[in-house]
1. For Leu93, indicate whether it is closer than 26 Å to Ile518 by Cα and either outside any loop (DSSP other than H, G, I, E, B) or in contact with a Phe, Trp or Tyr (Cβ under 7 Å, 6 or more places away or on another chain) (or both).
2. Every residue in the stretch 386-431 that is β-branched (Val, Ile, Thr) and open to solvent by 30 Å² or more (accessible area, probe 1.4 Å), please.
3. Looking at the stretch 358-385, which of its residues are closer than 23 Å to Thr133 by Cβ and either open to solvent by 70 Å² or more (accessible area, probe 1.4 Å) or over 24 Å from the mean Cα position of the chain (by Cα) (or both)?
4. Hey, any hits in the stretch 155-173 for a residue that's within 22 Å of Phe94 (Cα to Cα) and at pLDDT below 75?
5. I'd like the full set of residues that are touching a residue at least 24 places away in the same chain (Cβ under 8 Å) and outside any helix (DSSP H, G or I), limited to the stretch 221-266.
6. If a residue has to be out of contact with any Phe, Trp or Tyr (no Cβ under 8 Å at 6 or more places or on another chain), crowded, with 23+ Cβ neighbours inside 10 Å and of a type in the set (S, T, N, Q) to count, how many in the stretch 101-143 make the cut?
7. Out of the stretch 385-425, which residues are within 14 Å of Val32 (Cβ to Cβ), among the charged types (D, E, K, R) and touching a residue at least 12 places away in the same chain (Cβ under 8 Å)?
8. Can Pro353 be described as in contact (Cβ under 8 Å) with a residue 60 or more places away in the chain, farther than 20 Å from Pro128 by Cβ, touching a Phe, Trp or Tyr at 6+ places or on another chain (Cβ under 9 Å) and open to solvent by 40 Å² or more (accessible area, probe 1.4 Å)?
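The values are calculated or read from the model by the stated rules, or taken from the named source; none is laboratory data. Computed from a prediction, not measured in an experiment: that's the story for all the values here. In this analysis, Cβ positions are derived from the backbone assuming ideal geometry, glycine residues included, and neighbour counts consider all displayed protein chains. These accessible areas exclude ligands, DNA and RNA; they are computed on the full protein's heavy atoms, side chains included. Shrake-Rupley method; radii C 1.70, N 1.55, O 1.52, S 1.80 Å.
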Amino acid sequence: MEAVGQITAAPPAGRKRWQNIEFKWLIIGVSVLVVAYLALMPLGFLLWQSFFTPQTFAKAAEFTFDNYITAYSSVETLKLFFNSVTFAIGTSLFAFVVGTALAWMNERTNTPLKSLFFALSIIPLIIPGILFTVAWILLASSKIGIVNLMLQHWFNTDYVFVNIYSMWGMIWVDGLHYSSMAFLIMTAAFRSMDPSLEESAMMSGASVPQIAWHITLKLTWPAIFATILILFVRSIESFEVPALLGLPVGIQVFTSSIYEAIHQYPSQIGLASSYAVTLLLITTVGIYFQSKLSSQGSKYSTVTGKGFRPRAMDLGKWKYLTASIFVLYFALIVILPFLVLVWSSLQKFYSVPSMAALRNLSFDAYKFIWNYPTLISAVGNSLWLAVGTATVVMLLTSVICWIVVKTKLPGRWILDNLASLPMVFPGLVLGLAIMIFYLNVNIGVYGTMWIMFIAYVTRFMPYGLRYNTTSMLQIHKELEESAAMSGASWSTTFWRIILPLLKPGMLAGWIYILIVSIRELSTSILLYSPDTEVVSVQIWELWENGQYVELSALGVMFILALFVLVMLAQFIGKKFGVKEE
């Protein structure tokens, strides 16, 4: 109410009042139009392109089913669908099992140092997918992989112990990378569950495995299913792992097929669009069931207040085993990938660790990257896109959330669904849809930073909406009513009261969108031009050029910069009142 007390302006009259009303509806109207444009434009033109032949100088575009016939009349398409679903299911289940086991050990047992491991759990999220994949290629490739060469030396054999270029290798790398997400989601689920039922079972003589299987997992069933669905959608839209590990050995999924269709000569945009429509349908079904489950989650509620204190299960001597599992996991997901990138970056040309290679350490790769002609512009582009996207998304969604939560305008649920629609778009599909639109509607943004900015804002708008909605629900209507009675205009109320009260959620969302924007590759890969490269695209190009040591040097610098950025963001968040939910 302090903010309200500072507003002492007299009620406007006559022309001034109508100006304020018009300004309010102008802001609301513009925001609605922007959301509708961003959400519907890619979908409409993606569907349009999938049913038309490309326009040329010789003839106009023609309606046709040839794209779908070409895409789905071949036996190869069944294989493509099977590969995509197998990869997504395998990755999501593997990530879920690993993440849930770690979350259970962290929240429900007396594993030593578990608080430290929870604090470190954010680090895997910092490593971009392309760098994590490249690191595991250097670790587990059949020819140069350190793990294979070490095992072959130990057992004196040429047998390939780990084949990273396989479906199982793809599932291992992507599942391991997404396991940290599963860990954080399931940790939150375990924390919100009443542990008294587990304690009762323990007092009745049930063993730890029995309690975990029959009580803990069953009570967290909604969170389990939702987590698997989230991981499935993330896996089905994954691009880096299928492109780097699948394409070299002919294992194609929808995302890699879309990329190949665009980059072959001549480009098969219609074929890529038909693949994209199927991928879009799969992600839509997954997100629909996820939202449906979230709305029914109260059926499994066991917590009615905050008057419970979890008691850790005593694992006895087994607690040292669980601590060892945490150490092994952290080594596999952070230490080994980062160290192999550091090692590779210090070589003149990539070679496996040995005493001979140790004598050839060099900083030439870092000098090369530091003097790379487009590095400064790529860093600037990445920062410009990340900061601009995070700022626009959080401001735009704050207005949308106010309309949805605080007004009774008819059809506001449609606006909520429109703002959430881009969530069903895989990054590569969204990039393709936006590319198609601005190829056909020439307004001067194709090939510029603006097309990538539009794509980023569209892609991350649903995430900003979720952060702002959570905070908006906590703001009581009385604050706005008091401000209106004091003579404050809508713009004054929104700027002086609503936005300050939204600050924790807005800042948390701004930090998250900043980080994911600066790592983004799948959306950028189809939209960048030589003048609009970002850091993730430069890493991709170095890989395609076979410049592995230079890529590693850039990767190390990129990871360290992201880590510093996250630490700085967390410091700012704590200073300005962002609290963990």
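1. Working: closer than 26 Å to Ile518 by Cα: no; either outside any loop (DSSP other than H, G, I, E, B) or in contact with a Phe, Trp or Tyr (Cβ under 7 Å, 6 or more places away or on another chain) (or both): yes.
The answer is no for Leu93.
2. So the first thing to find is which residues in the stretch 386-431 are β-branched (Val, Ile, Thr), and the list is 387, 389, 391-393, 397, 399-400, 403-405, 407, 414, 424, 429.
Correct list: Val387, Thr391, Val392, Val404, Val405, Ile414.
3. Filtering the stretch 358-385 down to residues closer than 23 Å to Thr133 by Cβ leaves 365-366, 368-369, 372, 374-375, 378-379, 381-382, 385.
Of everything in the stretch 358-385, those that are closer than 23 Å to Thr133 by Cβ and either open to solvent by 70 Å² or more (accessible area, probe 1.4 Å) or over 24 Å from the mean Cα position of the chain (by Cα) (or both) turn out to be Ala365, Tyr366, Phe368, Ile369, Tyr372, Thr374, Leu375.
4. From the stretch 155-173, those within 22 Å of Phe94 (Cα to Cα) are 161-173; that's our starting set.
Restricting the remaining residues to those that are at pLDDT below 75 gives none.
Looking for residues that are within 22 Å of Phe94 (Cα to Cα) and at pLDDT below 75, one finds none in the stretch 155-173, hence no.
5. Restricting attention to the stretch 221-266, the residues satisfying the condition of being touching a residue at least 24 places away in the same chain (Cβ under 8 Å) are 221-242, 244-246, 248-249, 251-255, 257-259, 262.
Across the stretch 221-266, the qualifying residues are Glu237, Ser238, Phe239, Ile251, Gln252, Val253.
6. 1
7. Residue satisfying the conditions is Asp416 alone.
8. Numbers: in contact (Cβ under 8 Å) with a residue 60 or more places away in the chain: yes; farther than 20 Å from Pro128 by Cβ: yes; touching a Phe, Trp or Tyr at 6+ places or on another chain (Cβ under 9 Å): yes; open to solvent by 40 Å² or more (accessible area, probe 1.4 Å): yes.
So Pro353 passes the test.
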